[in-house]
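Report on the structure given below.
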Amino acid sequence: MNTLENISLKNYNTFGIDVIAKRFITVNSFEELKTITSKEKDIFLIGGGSNMLLTSAIDKLVVHINTKGIIVNDQNTNNVFVTAEAGENWHDFVTWCVNQNYGGLENLSLIPGNVGTSPIQNIGAYGVELKDTFYQLEALEIETGKIKTFTNTDCKFGYRNSVFKNELKGKYIILNVTFKLTKIAHKLNISYGAIKDVLKNIENPSLKDISEAVISIRESKLPDPKKIGNSGSFFKNPIISKANFEQLIAKFPKVPHYVVSEKEIKIPAGWLIEQSGFKGKRYGNYGVHENQALVLVNYGNATGNEIFELASLIQKTIKENFHISLEIEVNVI
Ligand code: EPU
C-alpha cells in the first residue's frame, strides 16, 4: 500500500473539482482496509465520487475503496442472491446482472458511482429504488474494527436516504452489498412515461431492452460526467403538504406533481428551477444543465464554492418564488 501526498482529487469526483488530498491511499482488499482503520480512525472515504461537491482541500487521510468482485451467493428456483464488493462500478455491476438475465436492477442502469455507496443514498431512477432489491450489506465499524451485517430494515431506507446519512454517518465502511434478484418471472417496471415511449414497439421487453431504454433516456437528459462534470440531481425533489400544494396549484395550475401519500405531494425540483429561469444558464465555468435543470455542471475549472454559491442562489430564488425549501442531495464537503 502506497500513501500518495498532495494529489489532486479531480479524477476521483464526478464533478471534476480540483482539490488537494494531503494524503491518499487506494485500498484493494479488506485486509488492507482493516490495517489502515486499525491505525487511523479519522479518514475520508471515496468510492466513485459521484455524490459529493468538494469545496476545500482534504486534510484527513483519503481512502479510495477499490475492492472488486461479484459472486452468486445462493439461489433457488426463482431468486438469486448476488454479492458485489464495494469498489465495483455500479453500472458495470448492473450490466453484469442484466447479461446473466438476473432481474431487478435494470432500471438503475448508468447511474454513476460504486456499489458500496449505492445504499447510502438509496439510489433510484425510473420507478425503482435500490431498497426494492437490496438484501443485506456488510460494513466495518471504524471505531471497533467489527463487521456488522445490515438487513433492509436496519438500513432505514427512504427517498434518497438511509441510516448511513443520519445516525450512523461516518461510523461504518460498507464492504459489500447483496441483492435479491429474480431468475424467472421478472417484475418489470416499465410504467415510467419515458420508458413506455421508448419500448412502445417491443412486445415482451427483456431486461436488456429495459436497460438500453434507460441508458438512452439518461444519455438524452443527463450530462456524461466524463465530458461535463456533474453529480446528477443536485437537489432532492421537495415533498410538500397537501395544504401547501393546494395554494401552489391555484397559482401554477400546470405544476407537475406525484402523490406520495394522503398528506404529501412531491414536486419535481427541475420544474421549479426551470420556471425560475435557471435552466441552461451558464456562468463561465459552471452552470445549470440545458436538458435537466436539476443538474448543476462544471464546464472545466469551476471551484466547489462557485457551484455551492449557485446552489444557494437557486435555493433562495425557489423560496421566494414558490415558498418551497430545496434540500441539497449531494454531500457538500
Ligand atoms: N422537469 C422540468 N424541467 C427540467 C427537469 C424536469 O420541468 O429541467 C419536470 C418535468 O415535468 C418532468 C419532471 O420534472 O416530467 C421529472 O423529471 P425527470 O423525469 O427528469 O426526473 P426528476 O424528478 O428530475 C428524478 C431523480 C433522478 C432520476 C429521475 C428518473 C431525484 C432527486 N432525481 O429526477 O435521479 O434519474 O427522477 O427517475 O429524485 C439522481 O438522483 O442523481 C438522479 C439523476
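For segment 182-202, the set of residues classified as touching a residue at least 12 places away in the same chain (Cβ under 8 Å) and of a type in the set (A, V, I, L, M) consists of I184, A185, L188, I190, A194, I195, V198, L199, listed by residue number. Conditions first: (1) over 20 Å from K236 (Cβ atoms); (2) of a type outside the set (D, E, K, R); (3) surrounded by fewer than 20 Cβ atoms within 10 Å (Cβ to Cβ). N298 passes all but one, so which condition is the exception? Here N298 meets the rest and fails (3).
When T77, T83 are checked against the criterion of being more than 28 Å from K236 (Cα to Cα) and buried (at least 18 other Cβ atoms within 10 Å of the Cβ), T83 stands alone in meeting it.
From K156, K171, K146, grab the single residue that is farther than 24 Å from S233 by Cβ and free of Cβ contacts under 8 Å to residues at least 12 places away in the same chain.
Numbers: K156 fails: farther than 24 Å from S233 by Cβ; K171 fails: free of Cβ contacts under 8 Å to residues at least 12 places away in the same chain.
From the options K156, K171, K146, the qualifying one is K146.
Which of (1) within 11 Å of the ligand (Cβ to nearest atom); (2) not in a loop (DSSP other than H, G, I, E, B) does Y135 not meet, given it meets every other one? The failed condition is (1). Cβ separations smaller than 7 Å between residues 6+ apart or across chains give the following pairs from segment 207-227 residues that are closer than 21 Å to G300 by Cβ to residues that are open to solvent by 50 Å² or more (accessible area, probe 1.4 Å) and within 13 Å of the ligand (Cβ to nearest atom): P225/P112. Residue selection: K196 fails the criterion of being basic (K, R) and not in a helix (DSSP H, G or I). Would you confirm, using the coordinates I've provided, whether E264 is closer than 26 Å to G127 by Cα, open to solvent by 70 Å² or more (accessible area, probe 1.4 Å), away from the ligand (no atom under 13 Å from the Cβ) and modelled with pLDDT of 95 or more? The answer is yes for E264. Within segment 233-257, being outside any strand (DSSP E or B) and either more than 11 Å from the ligand (Cβ to nearest atom) or not assigned by TED's automatic domain parsing to the domain that holds E274 (or both) holds for K242, A243, N244, F245, E246, Q247, L248, I249, A250, K251, F252, P253. Within segment 113-131, the residues that satisfy the criterion of being under 11 Å from the mean Cα position of the chain (by Cα) and either near the ligand (Cβ under 8 Å from one of its atoms) or hydroxyl-bearing (S, T, Y) (or both) are T117, S118, Q121, I123, G124, A125.
The values are calculated or read from the model by the stated rules, or taken from the named source; none is laboratory data. Just so it is clear, the model here is predicted, and its values are computed rather than measured. We place every Cβ from the backbone using ideal geometry, glycine too, and count neighbours over all the protein chains shown. All accessible areas refer to the heavy atoms of the entire protein, side chains included, with ligands and DNA or RNA removed. Shrake-Rupley method; radii C 1.70, N 1.55, O 1.52, S 1.80 Å.
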